[in-house]
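Everything below concerns the one structure shown next.
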Amino acid sequence: MKKITKAIIPAAGLGTRMLPISHAVPKEMLPIVDLPAVYFLVEEAVKSGITDILIITNRDKDAMEDFFDLSIEYGNALTLKGKTEEAKRLYDIANMANVYFLRQKETKGLGHAVGRARSFVGDEPFMVMYGDDIIFSETPVCRQMCDVYEKYGKAVVGVKPVSMQDIRKYCSLKVDELPGEDRITYCTDMIEKPKPGEEFSNLSILGRVLLTPEVFDIIDALKPGAGGEIQLTDAMAKMARTDGVYALEFEGERYDMGSKVGFLKANITRGLSHPETGEELKAFLKGIVEEL
Ligand code: UTP
């Protein structure tokens, strides 16, 4: 069984739900307390044993590349001021993984973005971490997914139940239960943004999939799907209908950083557990709650 060492983070979307800020600041660079959202994706991958990460980006998102680079001048200035801990932190971020960048020239959809990664991936299974989806969990979700791949040897999608109202915004999966498995099911079909009556179930893919390289030929043959975009779900649906795909109901709390409320929730959660902000934020929130 091949070890998973590569991940792709598609982060070239327009981020219209986060306008106007996303017009000037990539939504992946919006902070969760003092770290940009994309940092948490790379950290999750690294903690899962992944060494090489390709971020699919576009011409307006260079700030991500700067963040994972090392600014020697900045580091030196901090060291001169005796702020060695802070300097080390920046150095550690720059060295946490081999982080590569590739621009998606046209915003043609998530499937199209993943298709750009064929030569990076080669002939290996790989993780896809949707750039908007930050998941805080005890065991990193990528690790949870790799464990399923190592057990069953096929593509794995990370799922959660969502309300039937919300499923229309995501995708809906057709699954069969597996004897002896609590959180793992076998997926035989899926549909992106189902219209009322088209849903298979209330299980949806949220933010993480582990794919095998066969997906690239399927993506290349895809026609635009929901919203006129090349949909990754359409490629995975074909895999599910032919070879079969496993679905893991992962453990972890997901925050949609592409939405205003998701951004706020992630900051409150993280702010409450952050050593520099936790106590003061808790007192502040208690005060507000009384007035709500
Ligand atoms: P979303 O549809 O959630 O992101 O795509 P978006 O298009 O940026 O969001 P809105 O609707 O305009 O607010 C899911 C993931 O796929 C990436 C996005 O960056 C996000 O991480 N994506 C989407 C691409 O990389 N390229 C695309 O062409 C489309």
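The values are calculated or read from the model by the stated rules, or taken from the named source; none is laboratory data. Because the structure is a prediction, the values reported are computed rather than measured. Here the Cβ is made from the backbone with ideal geometry for all residues, glycine too, and neighbour counts use every protein chain on show. Keep in mind that these areas ignore ligands, DNA and RNA; they rest on the heavy atoms of the full protein, side chains included. Shrake-Rupley method; radii C 1.70, N 1.55, O 1.52, S 1.80 Å.
Global size of the chain: 19.7, 64 Å for Rg and Dmax (C-alpha atoms, Rg to one decimal, Dmax whole).
Solvent-accessible surface of the chain, averaged per residue with a 1.4 angstrom probe and all protein chains in place: 52 square angstrom. The H on the amide N of Cys171, modeled in the peptide plane, is under 5 Å from the matching H of Lys193, Ile205, each at least 5 residues off or on a different chain. Between Glu177 and Ser137, the modelled labels are 2.2 nm apart [label points 7 Å from Cα along Cα→Cβ].
Taking the longest Cα principal axis of the chain as reference, the axis of helix 37-47 is set at about 70 degrees.
Just the ratio, please: alpha-carbon radius of gyration of region 8-156 over 2.2 N^0.38 Å, N its number of residues.
So the Cα radius of gyration is 1.11 times the expected 2.2 N^0.38 Å.
Applying 1/(1 + (r/R0)^6) with r as the Cβ-Cβ distance of Met1 and Glu253 and R0 = 41 angstrom yields a FRET efficiency of 0.90. Database remark: amide H of Met190 closer than 5 angstrom to the amide H of Lys174 (H placed geometrically; neighbours at sequence offset of 5 or more, or on other chains; Pro and chain starts carry no H).
At a 1.4 Å probe radius, carbon and sulfur cover how many percent of the accessible area of region 85-143?
C and S fraction of accessible area: 47 percent.
Rounded to the nearest whole Hz, the Karplus-based 3J(HN,Hα) values (6.51 cos²θ - 1.76 cosθ + 1.60, θ = phi - 60°) of region 10-20 follow the sequence x, 9, 9, x, 6, x, 5, 5, 9, 5, x, with x at glycine and proline. Within the chain, DSSP assigns beta bridges of which about 60% are antiparallel (rounded to the nearest 5). For region 166-175, 3J(HN,Hα) computed residue by residue from phi via the Karplus equation (6.51, -1.76, 1.60; θ = phi - 60°) reads 6, 4, 5, 8, 10, 10, 10, 10, 9, 10 Hz, glycine and proline entered as x. Under 5 Å from the amide H of Phe101 lie the amide H atoms of Ile55, each residue being 5 or more positions distant or on a separate chain, with H modelled from the backbone and absent for Pro and chain starts. For region 101-234, the square roots a ≥ b ≥ c of the C-alpha gyration tensor eigenvalues yield an a/c of 1.5 or more together with a/b not exceeding b/c, which makes the shape oblate. The slack between Asp147 and Thr51, meaning 0.36 nm per residue of separation minus the straight C-alpha distance, is 32.9 nm. Here the gap between Asp34 and Glu86, fully extended at 0.36 nm per residue and compared with their Cα-Cα distance, gives a gain of 17.5 nm. Accessible surface ranking for Arg59, Arg89, 1.4 angstrom probe, highest first: Arg59, Arg89. When all protein chains stay in place and ligands, DNA and RNA are ignored, the 1.4 Å accessible-area order of Tyr74, Tyr186, largest first, is Tyr74, Tyr186.
Listed cross-link partners Lys108/Lys260; Lys2/Lys108; Lys27/Lys47 are compared with a 26 Å cut-off, the Cα-Cα value being larger for Lys2/Lys108. With Rh defined as the Kirkwood radius, the inverse of the mean 1/r over Cα pairs, the Rg/Rh of region 82-146 is 1.06. Between Thr242 and Leu19, the distance separating the two model label sites (each 7 Å from Cα on the Cα→Cβ line) works out to 3.8 nm. For Lys169 and Ile288, the difference between the fully extended length at 0.36 nm per residue and the C-alpha to C-alpha distance is 39.7 nm.
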